[in-house]
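Here's the structure we're looking at; comments come further down.
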Amino acid sequence: MTEYLVPYESAESEFEEKRSRFISHVFLVESEAEARARIDEMKKKYYDARHNCWCFVLHDGTVRYGDDGEPQGTAGQPMLNVFQRENVENVVCIVTRYFGGILLGAGAPTPRRRRTRLTMRARRGCSRFPCCCSNARTRCSSA
């Protein structure tokens with residue numbers, strides 16, 4: 001039996017680095033529509049932020065990410081890689097950045113976003129679900 005992790009509750013984390021403010025949100029989602037609705041919700045909430053980078057992984061195999069103006073491949077893709085490596089599914093993560101006036105460079109956002117997500121995971125945790133169903137579209141239960 002294969003197991004996968006899902007967030008057991010929504011989480012928010014915030015920190016500052018080089019005067020930029022980073023706010024991260026993680027939500028449990030069941031579909032692409034629900035993931036995109038959460039992304040839109042955070043973009044509306046933080047409409048004045050410089051960037052709202054995001055990624056999501058669904059148990060049915062759907063994966064998507066967006067860099068939202070950060071250099072291509074430096075924001076959403078590294079976030080997605082962390083969730084895939086940790087085997088976390090049915091999750092959407094949005095990292096909002098308020099620019100603090102210091103350019104961080106293309107290599108800089110990756111460690112910050114990884115640290116943010118891992119901090120949130122350690123703080124809030126994930127639940128382990130056995131993958132007991134043959135149809136990937138059916139939600140596996142913890143029983």
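For Ser134, all conditions in the list (1) at pLDDT 55 or above; (2) surrounded by fewer than 19 Cβ atoms within 10 Å (Cβ to Cβ); (3) of a type in the set (Ser, Thr, Tyr) hold save one; what is the number of the exception?
Answer for Ser134: the failing condition is (1).
Might you let me know whether the range 75-88 holds any residue that is in a loop (DSSP other than H, G, I, E, B), farther than 18 Å from Val6 by Cα, among the hydrophobic types (A, V, I, L, M, F, W, C) and in contact (Cβ under 8 Å) with a residue 40 or more places away in the chain?
There is no residue in the range 75-88 that is in a loop (DSSP other than H, G, I, E, B), farther than 18 Å from Val6 by Cα, among the hydrophobic types (A, V, I, L, M, F, W, C) and in contact (Cβ under 8 Å) with a residue 40 or more places away in the chain.
For the range 21-48, which residues satisfy the criterion of being part of a helix (DSSP H, G or I) and touching a Phe, Trp or Tyr at 6+ places or on another chain (Cβ under 7 Å)? Steps first, please.
Here is the first cut: in the range 21-48, the ones part of a helix (DSSP H, G or I) are 32-45.
Ala35, Arg38, Ile39 - these are the residues of the range 21-48 that are part of a helix (DSSP H, G or I) and touching a Phe, Trp or Tyr at 6+ places or on another chain (Cβ under 7 Å).
Working only within the range 49-74, note down all residues that are assigned to a strand (DSSP E or B) and more than 11 Å from Thr96 (Cα to Cα). Before the answer, list the steps.
To start, the set of residues in the range 49-74 that are assigned to a strand (DSSP E or B) comprises 51-57, 63-66.
Passing the criteria: Cys55, Phe56, Val57, Val63, Arg64, Tyr65, Gly66.
Name the residue that is modelled with the lowest pLDDT, counting only residues in the range 13-31 that are exposed (fewer than 15 other Cβ atoms within 10 Å of the Cβ) and closer than 28 Å to Phe99 by Cα.
It comes out as Lys18.
Identify, by number, the condition in (1) within 27 Å of Ser20 (Cα to Cα); (2) at pLDDT below 80; (3) surrounded by 13 or more Cβ atoms within 10 Å (Cβ to Cβ); (4) touching a strand residue (DSSP E or B) at 6+ places or on another chain (Cβ under 6 Å) that Gly69 doesn't meet.
(3)
Criterion first (at positive phi, surrounded by fewer than 18 Cβ atoms within 10 Å (Cβ to Cβ) and free of Cβ contacts under 8 Å to residues at least 40 places away in the same chain) does Gly61 satisfy it?
On the way: at positive phi: yes; surrounded by fewer than 18 Cβ atoms within 10 Å (Cβ to Cβ): yes; free of Cβ contacts under 8 Å to residues at least 40 places away in the same chain: no.
Considered against the rule, which asks whether it is at positive phi, surrounded by fewer than 18 Cβ atoms within 10 Å (Cβ to Cβ) and free of Cβ contacts under 8 Å to residues at least 40 places away in the same chain, Gly61 comes out as no.
If a residue must be modelled with pLDDT of 85 or more and outside any strand (DSSP E or B), how many such residues does the range 1-12 contain?
Adding up the residues that qualify gives 1.
Being in a strand (DSSP E or B), aromatic (Phe, Trp, Tyr) and out of contact with any Pro (no Cβ under 9 Å at 6 or more places or on another chain): is that true of Phe15 here?
So Phe15 passes the test.
Does any residue of the range 37-44 turn out to be small (Gly, Ala, Ser) and touching a residue at least 24 places away in the same chain (Cβ under 8 Å)?
No: zero hits.
The values are calculated or read from the model by the stated rules, or taken from the named source; none is laboratory data. Here the structure is a predicted model, which is why all the values come from computation and not from measurement. Note that each Cβ is placed from the backbone with ideal geometry, even for glycine, and that neighbours are counted across all protein chains shown.
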